[in-house]
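Undergrad: Have a look at this one before I ask anything.
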Amino acid sequence: MIKVVRTNSSNSDFIKLVKQLDNYLSVVDGDEHDFYNQFNKIDALNHCVIAYKENKPVGCGAFKPFDNNTVEIKRMFTLPETRNSGIASIILKTLEDWATEQNYNAAILETGKRQTEAVNFYTKNNYYTIPNYGQYIGVDNSICFKKDFAKKEN
């Protein structure tokens, strides 16, 4: 069973998982890692989730406000040994639900084109590609996605 906890970026389990994510990305991104890393600081993330399996932290994710209607998904990661088990989808859904509770209507995110697992994951979870935004404009390796949240009926 997977337990998901809402927290913030000061949580020690979140910090440990993000360090593992950064180690992974430093290999995948290669020479471009320093460019991307500058946009991935976690000191001010107030909406973070951690997934636990058998009381062990196995994945995380976060969001931060992008504008009045949209959040940006950040720091999505699952341990390699737990991939393809649905944990990342649970984390992403929890983030989307939390954002919806905060009255946001959509989520955007950026990932690297070489991170084919991530590209496939977001596509599978109903994210669609959009033009690169912000600091990712003109960055060849970046691919940006968006998902519009379903409107709640009153």
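The values are calculated or read from the model by the stated rules, or taken from the named source; none is laboratory data. In this text, all values refer to a predicted model and were calculated from it rather than measured experimentally. In this analysis, Cβ positions are derived from the backbone assuming ideal geometry, glycine residues included, and neighbour counts consider all displayed protein chains.
Undergrad: Taking the condition surrounded by 12 or more Cβ atoms within 10 Å (Cβ to Cβ), in a helix (DSSP H, G or I) and at pLDDT below 95, does residue 34 pass?
TA: Against the criterion (surrounded by 12 or more Cβ atoms within 10 Å (Cβ to Cβ), in a helix (DSSP H, G or I) and at pLDDT below 95), residue 34 does not qualify.
Undergrad: Can I ask one more? Could you count how many residues in segment 87-116 are without any contact (Cβ under 8 Å) to a residue 60 or more places away in the chain and farther than 21 Å from residue 144 by Cβ?
TA: Result for segment 87-116: 4.
Undergrad: Okay, moving on. Taking into account only those residues within segment 1-16 that are of a type in the set (A, V, I, L, M, F, W, C) and within 17 Å of residue 94 (Cα to Cα), which is modelled with the lowest pLDDT? Talk me through it step by step, then tell me what you get.
TA: If we filter segment 1-16 for residues that are of a type in the set (A, V, I, L, M, F, W, C), which is where we start, we get 1-2, 4-5, 14-15.
Those still in the list that are within 17 Å of residue 94 (Cα to Cα) too: 1-2, 4-5, 14.
Numbers: 1: 89, 2: 93, 4: 97, 5: 97, 14: 94.
This residue is 1.
Undergrad: List, please: which pairs have Cβ atoms under 7 Å, are six or more places apart or on different chains, and start with a residue in segment 1-21 that is within 15 Å of residue 98 (Cβ to Cβ) and in contact (Cβ under 8 Å) with a residue 12 or more places away in the chain and end with one that is among the charged types (D, E, K, R) and not in a helix (DSSP H, G or I)?
TA: Close Cβ pairs (under 7 Å, with a partner that is among the charged types (D, E, K, R) and not in a helix (DSSP H, G or I)) amount to 9/43.
Undergrad: Still on this structure: Mind checking which pairs have a first residue in segment 121-143 that is more than 18 Å from residue 95 (Cβ to Cβ) and a second that is loosely packed, with under 15 Cβ neighbours inside 10 Å, Cβ under 6 Å, 6 or more apart or different chains?
TA: Close Cβ pairs satisfying both conditions: 135/39; 141/113; 143/113.
Undergrad: Criterion first (in a helix (DSSP H, G or I) and buried (at least 16 other Cβ atoms within 10 Å of the Cβ)) does residue 119 satisfy it?
TA: So residue 119 fits the description; yes.
Undergrad: Got at least one residue in segment 140-154 being under 24 Å from residue 7 (Cβ atoms) and not in a helix (DSSP H, G or I)?
TA: Yes, because at least one residue in segment 140-154 is under 24 Å from residue 7 (Cβ atoms) and not in a helix (DSSP H, G or I).
Undergrad: A further question follows. If we keep just the residues of segment 126-154 that are surrounded by 15 or more Cβ atoms within 10 Å (Cβ to Cβ) and polar (S, T, N, Q), which is farthest from residue 85 (Cα to Cα)?
TA: Once the filter is applied, the top-ranked residue is 132.
Undergrad: Next up: Specify which of the listed residues (129, 100, 111) is β-branched (Val, Ile, Thr), part of a strand (DSSP E or B) and closer than 22 Å to residue 14 by Cβ.
TA: Working: 129 fails: closer than 22 Å to residue 14 by Cβ; 100 fails: part of a strand (DSSP E or B).
Step by step, each of 129, 100, 111 is checked, and only 111 is β-branched (Val, Ile, Thr), part of a strand (DSSP E or B) and closer than 22 Å to residue 14 by Cβ.
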